[in-house]
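Student: A single structure is presented below for examination.
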Amino acid sequence: MKSVDFKEWLSGMDRLSRGQREAVIAEMAGQVELELGVKVIEASVGDTPSCPHCQSQKLHRWGHDSGLQRYRCCGCARTFNALTDTPLARLHYREKWIKYQQAMLDGLSIRDAAKACGIAKNTSLQWRHRFLRTAAAQKPAKMTGIVEADETFFLESKKGQRNIDRKARKRGGTASKRGLSAEQIPVLVVRDRHGETADFILGKVDAEQVKQVLKPLLNQDTLLCTDGALVYKAVAKQEHITHRPVNLAAGKRVIGGVYHVQNVNAYHSRLKKWMGKFNGVATHYLANYLGWHRMKDRFGENTSPADWLANAINRTGQFQQRCAT
Ligand SMILES: [Zn+2]
């Protein structure tokens with residue numbers, strides 16, 4: 001807009017009603033967030049984008065696709081943009097993504113996030129889980145030094161699923177049987193003293209499944225701390241893992257000042273407290289929520305909505321913090 005036109009446009013502002021003024025502000029905020037979002041999305045392909053279909057780097061710029069650069073691959077002749085093959089491909093209302101990420105950072109429920117962004121509840125549900133798909137898959141491949149492992153349990157929930165085969169429990173309610181039962185989903189959390197955390201939903205806590213989780217994470221330089229449960233002893237012996245079990249039942253909490261499971265247990269309680277806000281997470285989505293919390297716990301205070309958006313479409317498998325302002 002020419003500056004003279006802009007002046008005239010501005011001078012009309014005082015004739016706007018309060019409602020119109022609010023609409024202008026919302027529109028402007030949407031524009032700014034859309035620009036930020038597009039910047040983050042375009043940056044995700046890096047300086048040398050490659051074709052998501054055949055990985056060729058011989059590309060032509062090929063117009064635009066709803067605000068995003070479109071490329072055409074010389075190798076396979078297919079076109080793509082920065083969102084192709086990411087969990088966010090073909091999602092609508094891009095101007096609201098940054099705001100939605102903020103709602104997620106604020107830990108809002110599906111319903112409240114929908115309200116904050118002016119989208120339908122079903123859209124909010126769909127976005128939440130698309131945005132979390134990458135985080136759910138991002139786990140450290142290796143642990144170092146002293147590694148604590150312990151299991152925790154989440155109540156099975158078929159929330160949102162049709163054909164529930166039992167009487168609905170009150171939201172976020174308690175198991176009908178005390179202690180372990182089929183209604184409790186075991187999650188094994190493994191955490192080293194550098195704060196790297198990995199979690200695994202198990203069918204049950206037996207040697208076979210625990211071994212599958214621990215074996216790839218540990219090596220000859222790590223030292224495993226667990227409680228006195230026999231399953232860990234058995235796996236450690238079988239796999240020649242250096243192991244310091246802490247016999248909590250006998251009142252021992254810390255051995256030699258360093259061997260304990262207090263970090264992993266503190267993680268459990270942060271996770272439970274945070275999860276409690278969502279009134280019972282559907283078991284179907286548990287992995288996404290675990291991933292969300294894992295990332296939040298690892299990078300929490302220093303992340304922005306733009307970081308989370310960048311992470312939702314990053315193809316590297318590692319959370320990358322960036323400043324996208
Ligand atoms: Zn290609």
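Student: Going through Ala103, Ala82 one at a time, which residue ends up being within 18 Å of Asn311 (Cβ to Cβ) and in contact with a Ser or Thr (Cβ under 7 Å, 6 or more places away or on another chain)?
Tutor: Testing whether each residue is within 18 Å of Asn311 (Cβ to Cβ) and in contact with a Ser or Thr (Cβ under 7 Å, 6 or more places away or on another chain) leaves just Ala82.
Student: Continuing with the same structure: Tyr232: surrounded by 19 or more Cβ atoms within 10 Å (Cβ to Cβ) and within 30 Å of Ser124 (Cα to Cα), yes or no?
Tutor: No, not satisfied.
Student: Any residue that is more than 27 Å from the chain's Cα centre (by Cα), assigned to a loop (DSSP other than H, G, I, E, B), in contact (Cβ under 8 Å) with a residue 24 or more places away in the chain and under 17 Å from Thr152 (Cα atoms) - is there at least one of those in the range 252-262?
Tutor: Yes; the residues of the range 252-262 include at least one that is more than 27 Å from the chain's Cα centre (by Cα), assigned to a loop (DSSP other than H, G, I, E, B), in contact (Cβ under 8 Å) with a residue 24 or more places away in the chain and under 17 Å from Thr152 (Cα atoms).
Student: Could you count how many residues in the range 75-87 are away from the ligand (no atom under 13 Å from the Cβ) and either surrounded by fewer than 19 Cβ atoms within 10 Å (Cβ to Cβ) or not in a loop (DSSP other than H, G, I, E, B) (or both)?
Tutor: Number of matching residues: 1.
Student: Does the range 239-256 contain at least one residue that is surrounded by 19 or more Cβ atoms within 10 Å (Cβ to Cβ), acidic (Asp, Glu) and in contact with a Lys or Arg (Cβ under 9 Å, 6 or more places away or on another chain)?
Tutor: no
Student: Filter the range 50-67 down to the residues that are assigned to a strand (DSSP E or B) and either touching an Asp or Glu at 6+ places or on another chain (Cβ under 8 Å) or more than 25 Å from Arg130 (Cβ to Cβ) (or both), then identify the one that is farthest from the ligand (Cβ to nearest atom).
Tutor: The residue in question is Gly63.
Student: Can you tell me which residues in the range 30-61 are touching a strand residue (DSSP E or B) at 6+ places or on another chain (Cβ under 6 Å) and in contact (Cβ under 8 Å) with a residue 24 or more places away in the chain?
Tutor: Scanning the range 30-61 gives Cys51, Pro52.
Student: Of all residues being surrounded by fewer than 19 Cβ atoms within 10 Å (Cβ to Cβ) and aliphatic (A, V, I, L, M) in the range 89-100, which is nearest to the ligand (Cβ to nearest atom)? Just the residue, please.
Tutor: Looking at the filtered set, the residue picked out is Ala89.
Student: Ok, one more. Working only within the range 212-228, note down all residues that are crowded, with 18+ Cβ neighbours inside 10 Å, in contact with a helix residue (DSSP H, G or I) (Cβ under 8 Å, 6 or more places away or on another chain) and part of a helix (DSSP H, G or I).
Tutor: Of everything in the range 212-228, just one residue is crowded, with 18+ Cβ neighbours inside 10 Å, in contact with a helix residue (DSSP H, G or I) (Cβ under 8 Å, 6 or more places away or on another chain) and part of a helix (DSSP H, G or I), namely Leu214.
Student: Return the pairs, sorted by first residue and then second, in which the second residue is assigned to a helix (DSSP H, G or I) and of a type in the set (Val, Ile, Thr), the first residue lies in the range 2-29 and is closer than 24 Å to Cys117 by Cα, the beta carbons are less than 8 Å apart, and the residues are 6+ apart or on different chains.
Tutor: Correct list of pairs: Leu16/Val24.
Student: Further question on the same structure: Collect the residues in the range 62-75 that are under 18 Å from Glu95 (Cβ atoms) and touching a residue at least 24 places away in the same chain (Cβ under 8 Å), keeping them in residue-number order.
Tutor: Result: Ser66, Gly67, Leu68, Gln69.
Student: Let me ask you something else. In the list Arg70, Arg21, which residue meets the criterion of being touching a His at 6+ places or on another chain (Cβ under 9 Å), on the phi < 0 side of the Ramachandran plot and either more than 16 Å from the ligand (Cβ to nearest atom) or not in a helix (DSSP H, G or I) (or both)?
Tutor: After ruling out the rest, the residue left standing is Arg70.
Student: Give just the number: which of (1) under 30 Å from Ser304 (Cα atoms); (2) buried (at least 17 other Cβ atoms within 10 Å of the Cβ) does Ala266 not satisfy?
Tutor: Exception for Ala266: condition (2).
Student: Could I ask something else about it? Of these, Asp47, Asp14, which one is in a loop (DSSP other than H, G, I, E, B), exposed (fewer than 11 other Cβ atoms within 10 Å of the Cβ) and of a type in the set (D, E, K, R)?
Tutor: Being in a loop (DSSP other than H, G, I, E, B), exposed (fewer than 11 other Cβ atoms within 10 Å of the Cβ) and of a type in the set (D, E, K, R) holds for just one of Asp47, Asp14, which is Asp47.
Student: In this structure, is Thr123 of a type outside the set (Phe, Trp, Tyr), modelled with pLDDT under 95 and in a helix (DSSP H, G or I)?
Tutor: Here the answer is no, as Thr123 does not meet what is asked.
Student: Oh, and also: Taking the stated definitions as given, is Val246 farther than 22 Å from His129 by Cβ, touching a Phe, Trp or Tyr at 6+ places or on another chain (Cβ under 7 Å) and either at pLDDT 95 or above or not small (Gly, Ala, Ser) (or both)?
Tutor: Yes.
The values are calculated or read from the model by the stated rules, or taken from the named source; none is laboratory data. As the structure is a computational prediction, the values presented were derived from the model and not from experiment. Here Cβ is always computed from backbone atoms with ideal geometry, including for glycine, and neighbour counts include all displayed protein chains.
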